[in-house]
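Student: Handing you this structure, nothing more for now.
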Amino acid sequence: MERQKSMEKGLLRKSLSIRERKFPNEDVFLEAGLSRKSPREIIKKAQNDDGDCRVTASVFLSTFVAVAGSFCTGCGAGFSSGAQAGITKDLSLSVAEYSMFGSILTLGGLIGAIFSGKVADVLGRKRTMLFCEAFCITGWLAVAFAQDALWLDCGRLLLGIGVGLFSYVIPVYIAEIAPKHVRGSFVFANQLMQNCGIALFFIIGNFLPWRLLATVGFVPCVLHVFCLFFIPESPRWLAKKGRDKECRSALQRLRGSDVDISREANIIRDTIEISELDGETGMTELFQRRYAYPLVIGVGLMFLQQLSGSSGMTYYASSLFQKGGFPSAVGTSVIATIMVPKAMLGTIIVDKLGRRTLLMASCAAMGFSALLLSVSYGFQSFGILPDLTPIFTCIGVLGHIVSFAMGMGGLPWIIMAEIFPMNVKVSAGTLVTVTNWLFGWVVTYTFNFMLQWNASGMFFIFSMVSASSIVFIYFLVPETKGRSLEEIQALLSNSVQ
């Protein structure tokens, strides 16, 4: 007990020393009276402070512009399904070559994910999104004008790098600017816009040639670049870099000109100072007991998300319909029609039902859909009930993709953006994002081969993964609905202690 009190006093002295060096005129900055409080008292203040609950036009605009990058991501994910027949015919690609083309997006995403945390920390959230679009625009142009498999793969790889960077920076940016009572819905808009991109390409991919389809993907990227100049930088990133005047200016812009943002600005500043007491945590220091719980949650959710087969089903939806004897054009159009309203429903209810409930419901529906596909393809291989195979295939593919869009698609990214403190957000966020893209690449590359080898067995494995996900979420994933970022991080820290 005496040792713990001594440590707390030492932390307090160090925290005050940091503040005195950075803010010699402390009384001017600390308008809310938060000075000379221990780190524990500061966190308690954050827990009790509701602040101004208004959602301003600036927050709406900033969120919409940020998730426009997710729309570009969705376009990239949906491209391979609609373009498969045209590309394999025009460029004479084999199944292995097209599997490489489809999966190389996730390989590029893996490369982008490795550097995502560091790039976002050095450049800032806003400039990182601009950096992403440089890769996406170049990638789409390379695909549109490709004359052989090499150029096709290079373009897809560049697009994947941009998408991998986006997958980290967009949810982090939105989580850092949104008020806590709508943070879940706003970050979930990331998944909504991604589904809009997939849906658009599923529909127009049935009618447009693949080169024109790639040109269509280029257009929203250019528009996104233009819109990014009209949104503020993340106040938390600015505070972390010691740019407190800019932090307060960005926060004032987000919360409204008539709102007193002193309390929120001070809580952000104090929380960052507490996290800075241990310094910036590298990848090797990340594997400490104090970070074990959030790390298990973040990595575990991404691991289970990808091993559920979600990426493979989205990338190769046309192949699944064709194998089951269902018209692929009709199937992809039906998916496109339904998945956007379902994602909108998820955006609305995520801050009402909570993360845990929606995650478990999504996994249950995905598991049932995968099991139905396993039965469908199993019957097909034995020649049993051939008339029902197309129906089961349609229901299974539709159910899996739609239920994924409602929960398991977007919620792990929301939780990833919420659970890590600022001093480990770079290394932890990078590890979590790399896990997602690494296993995404494994699934998307092997998906077509496994589909030809034993489709029924593959989907049975996917259903078991979804069942395991429910157990994992029930026992390990906490509810973060309605909590501030500072409160969530304190909760996880106390759980480890």
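The values are calculated or read from the model by the stated rules, or taken from the named source; none is laboratory data. Fair warning: this is a prediction, and the values are worked out from it, not measured in the lab. As a convention, Cβ positions derive from the backbone with ideal geometry for all residues, glycine included, and neighbour counts pool all protein chains shown. All accessible areas refer to the heavy atoms of the entire protein, side chains included, with ligands and DNA or RNA removed. Shrake-Rupley method; radii C 1.70, N 1.55, O 1.52, S 1.80 Å.
Student: Measure nothing but the geometry: give the 0 to 90° angle between the long axis through the Cα atoms of 485-496 and the longest principal axis through the Cα atoms of the chain, rounded to 10°.
Tutor: Approximately 90 degrees, to the nearest ten.
Student: Evaluate the distance, in nm, between pseudo-label points positioned 7 Å from the Cα of Lys352 and of Phe287 along their respective Cα→Cβ axes.
Tutor: 4.4 nm
Student: Still on this structure, I have one more. Enter the Cα centre distance for the pair the range 288-316 and the range 132-192, rounded to the nearest angstrom.
Tutor: First find each Cα centre; the distance between them is then 19 Å.
Student: While we're on this one: What is the magnitude of the charge dipole of the chain about its Cα centre, with +1 placed on the Cβ of each Lys and Arg, -1 on the Cβ of each Asp and Glu, and no other charges, expressed in debye to the nearest 20?
Tutor: Here the size comes out at about 780 debye.
Student: While we're on this one: Using 28 Å as the Cα-Cα cut-off, could you pick out the over-long pairs in Lys245/Lys481; Lys180/Lys342; Lys89/Lys342; Lys118/Lys352; Lys180/Lys245; Lys342/Lys481?
Tutor: Listed pairs above 28 Å: Lys245/Lys481; Lys89/Lys342; Lys118/Lys352.
Student: Nearest 10 degrees, 0 to 90: what angle lies between the long axis of helix 2-22 and the longest principal axis of the chain (Cα atoms)?
Tutor: Here the helix axis deviates by roughly 90 degrees.
Student: Ok, one more. If you fit an axis through the alpha-carbon atoms of helix 39-48 and take the longest principal axis of the Cα set of the chain, what angle between them do you get, 0 to 90°, nearest 10?
Tutor: 60 degrees
Student: Once the whole set of protein chains is in place, how much accessible area is left on Asp270, using a 1.4 Å probe, in Å² to the nearest 10?
Tutor: 10 Å²
Student: Using Cα pairs under 8 angstrom and six or more residues apart, how large is the relative contact order of the range 55-231, in percent?
Tutor: Relative CO of the range 55-231 lands at 41 percent.
Student: Using a 1.4 angstrom probe, figure out how much accessible area the chain has per residue, in square angstrom, rounded to the nearest whole.
Tutor: 40 Å²
Student: Highest first, please rank the peptides 323-330, 369-376 by the mean number of other Cβ atoms sitting within 10 Å of their residues.
Tutor: So the peptides 323-330, 369-376, ranked by packing, come out 369-376, 323-330.
Student: If you don't mind, another one. Can you list the residues of the range 198-217 with backbone N under 13 Å from a point 7 Å past the Cα of Thr337, pointing along Cα to Cβ?
Tutor: In the range 198-217, the label zone of Thr337 (backbone N under 13 Å from the point 7 Å along Cα→Cβ) covers 203.
Student: How high is the relative contact order of the chain, in percent, with contacts defined as C-alpha pairs under 8 Å that are six or more residues apart?
Tutor: This gives 24 percent for the chain.
Student: Then there's this: As a test of the formula, what do you get for the chain when each DSSP H run with n ≥ 4 contributes -39,500 (n - 2.57) and the sum is divided by the residue count, at 222 nm and rounded to the nearest 500 deg cm²/dmol?
Tutor: Only helices count here, giving -27000 deg cm²/dmol.
Student: Then there is this: Of Ile261, Phe226, Gly396, which is farthest along the charge dipole of the chain in the positive direction, counting Lys and Arg as +1 and Asp and Glu as -1 at C-beta?
Tutor: Farthest towards the positive end: Ile261.
Student: Could you compute the net charge surrounding Tyr445? Neighbours are other residues with a C-beta less than 15 Å from the C-beta of Tyr445; K and R count +1, D and E count -1.
Tutor: -1
Student: Work from the charge dipole of the chain (Cβ charges, +1 for Lys and Arg, -1 for Asp and Glu, about the Cα centre) and give the residue of Cys75, Ala317, Ser376 farthest towards its positive end.
Tutor: Cys75
Student: Continuing with this model, one more query. How do the peptides 243-253, 151-161 rank, highest first, by the average count of neighbouring beta carbon atoms within 10 Å per residue?
Tutor: Ranking the peptides 243-253, 151-161 by packing returns 151-161, 243-253.
Student: Let me ask something else. In debye, nearest 20, what is the charge dipole magnitude of the range 55-231 about its Cα centre with +1 on Lys and Arg Cβ and -1 on Asp and Glu Cβ, if you could check?
Tutor: Dipole magnitude for the range 55-231 comes out near 440 debye.
Student: Around Phe188, with a cut-off of 11 angstrom between Cβ atoms, what is the net charge of the other residues, counting Lys and Arg +1 and Asp and Glu -1?
Tutor: Local net charge: +1.
Student: Of the accessible area of the chain, with the probe set at 1.4 angstrom, what percent is carbon plus sulfur?
Tutor: Result for the chain: 66 percent of the exposed heavy-atom area is carbon or sulfur.
Student: Which of Gly429, Phe326, Thr337 sits closest to the plus end of the dipole of the range 288-496, meaning its Cα is farthest towards the positive end, when Lys and Arg get +1 and Asp and Glu get -1 on the C-beta?
Tutor: Checked the options; the winner is Gly429.
Student: If you count, for each residue, the other Cβ atoms within 10 Å and average over each peptide, how do 122-130, 407-415 line up from highest to lowest?
Tutor: 407-415, 122-130
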